[in-house]
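Let me begin by presenting the structure, written as structure tokens, before commenting on it.
The values are calculated or read from the model by the stated rules, or taken from the named source; none is laboratory data. Since this is a predicted model, take the numbers as computed values, not measurements. Because the Cβ atoms are built from the backbone with ideal geometry, glycine has one as well, and the counts that use them run over all protein chains shown. Calculation scope for accessible area: heavy atoms of the full protein, side chains included, ligands and nucleic acids excluded. Shrake-Rupley method; radii C 1.70, N 1.55, O 1.52, S 1.80 Å.
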Amino acid sequence: MSNIKEISDATYNDETNSGLVITDFNADWCPPCKMMNPILEKLSSNEELGDKIKFTSMNVDHNPETPNNFGIQGIPTFIIKKDGNVVGRMVGYQPEEKFRAALAQYM
């Protein structure tokens, strides 16, 4: 079972307005997005991170409004929010250690 919650334009604000939340903006046809999937699954299942960070995912093809509001032009794009405020952004494939280190700075 995945620890990554699939969200939509309609649920984005409610799902990301409290705590530390990372949203993976992706698409089914995107090879770098697919390469990130096992890394995200692993990190979201990790007790050290999974208990402190809420992992969410949004398909940009099915939900164009939120990515447009953030000016997302390339995927995958990862938006990190803390208590409803954007505190970070990463674009493109990230090796696991680099991704983990980037997340650690927000905890």
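For the chain, the share of accessible area belonging to carbon and sulfur comes to 49 percent (1.4 Å probe, ligands and nucleic acids excluded).
Mean-square fluctuations from a GNM of the chain, with a 10 angstrom spring cutoff on Cα atoms, peak among 76, 32, 95 at 95. Rounded to two decimals, what is Rg over Rh for the chain when you use alpha-carbon atoms and the Kirkwood radius? That ratio equals 0.91.
Just checking the listed ones, 55, 78, 70: in the Gaussian network model of the chain with Cα springs under 10 Å, the one fluctuating most is 70.
Using the heavy atoms of the protein chains and a 1.4 angstrom probe, tell me the accessible area per residue for segment 1-71 in square angstrom. Here the per-residue accessible area is 55 Å².
Working out 0.36 nm times the residue gap between residue 62 and residue 18, then minus their Cα-Cα distance, what length gain in nm do you get to one decimal? Intermediate results must be reported in sequence, preceding the final value.
Values: separation 44, 0.36 × 44 = 15.84 nm, distance 2.40 nm.
Taking 0.36 nm per residue and subtracting the Cα distance, the gain is 13.4 nm.
Can you list the residues of segment 16-34 with backbone N under 15 Å from a point 7 Å past the Cα of residue 89, pointing along Cα to Cβ? Within reach of a label on residue 89: 23-26. Taking the Cα of residue 8, stepping 7 Å toward and past its beta carbon, and measuring to each backbone N in segment 25-67: which are under 19 Å? Residues 25-28, 56-67 fall inside that zone.
The simple spin-label model puts a point 7 Å past each Cα toward its Cβ; for residue 52 and residue 97 those points are separated by 1.9 nm.
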